[in-house]
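Quick note: the coordinates plus some simple rules give every number you see, no bench work behind them. All of these numbers come straight from a predicted model, not from anything done at the bench. As a convention, Cβ positions derive from the backbone with ideal geometry for all residues, glycine included, and neighbour counts pool all protein chains shown.
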Amino acid sequence: MRHRGVIEAIAAETGLKIEVGGGVRDEETIAGLLAAGVTQVVVGTRALEDMDWFKKVVHDDQFAGHLVLGLDARDGRIATRGWTETGEMTTGEMAKIVNDWPLAAIVYTDISCDGMLTGPNTEATEKLARLCNVPVIASGGVGTLEDIKNLSTLPIRGIIVGRSLYEKRFTLEEALSLLETPS
């Protein structure tokens with residue numbers, strides 16, 4: 001695990017709940033991340049390419065409730081391997097498969113929106129959230145506070161915001177304030 005020391009320091013010094021993903025391919029890596037103080041581990045490609053393995057790991061008592069399925073999509077179809085491969089299975093079909101698994105969440109990214117700052121695919125995000133009992137976290141496309149406001153009306157657990165913060169389109173405080181203010 002490449003950044004274990006940094007992850008451990010962040011967990012110890014901040015007390016924050018931490019979610020880590022990217023390149024997670026085996027139980028040893030998952031266990032190591034959890035031991036380092038990570039709350040949730042995102043598994044994408046390996047989970048989607050080896051569902052038997054993922055089902056076994058998700059239902060393992062030491063991992064249940066700590067795993068997040070990274071579900072990236074292009075035109076509603078699941079994309080893997082850093083978005084270089086798009087399969088035939090849809091996000092809705094996958095949601096039905098994992099519907100009652102003890103997952104912490106599904107991070108859903110419409111890759112046509114990710115990093116574009118042009119707004120998230122709220123329609124697809126809502127559809128996925130309504131199809132599945134697993135909480136959905138929206139990712140990709142948030143460029144304005146209005147995007148966050150629109151996503152906050154959906155039945156989702158959270159919103160991942162990246163580039164818009166890096167480019168100072170708004171502050172984290174402004175985004176949090178918007179979410180704390182009743183509509």
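Taking 0.36 nm per residue of separation and subtracting the Cα-Cα distance, full extension of the segment from Leu179 to Glu167 would add 2.3 nm.
A simple spin-label model places the labels of Lys55 and Ile97 0.9 nm from each other, with each point 7 Å out along Cα-to-Cβ. On full extension, the segment bounded by Lys17 and Asn133 gains 39.6 nm, given 0.36 nm per residue less the C-alpha separation. In percent, rounded to a whole number, the relative contact order of the chain is 14, using alpha-carbon pairs under 8 Å and six or more apart. A helix-only calculation puts the chain at -10500 deg cm²/dmol for mean residue ellipticity at 222 nm, using -39500 (n - 2.57) for each DSSP H run of at least four residues, averaged over all residues. Averaging 1/r over every pair of different alpha carbons in region 4-180 and inverting the result gives a Kirkwood radius of 16.7 Å. Rounded to whole Å, the principal axis extents of the Cα atoms in region 1-108 read 42, 28, 21, largest first.
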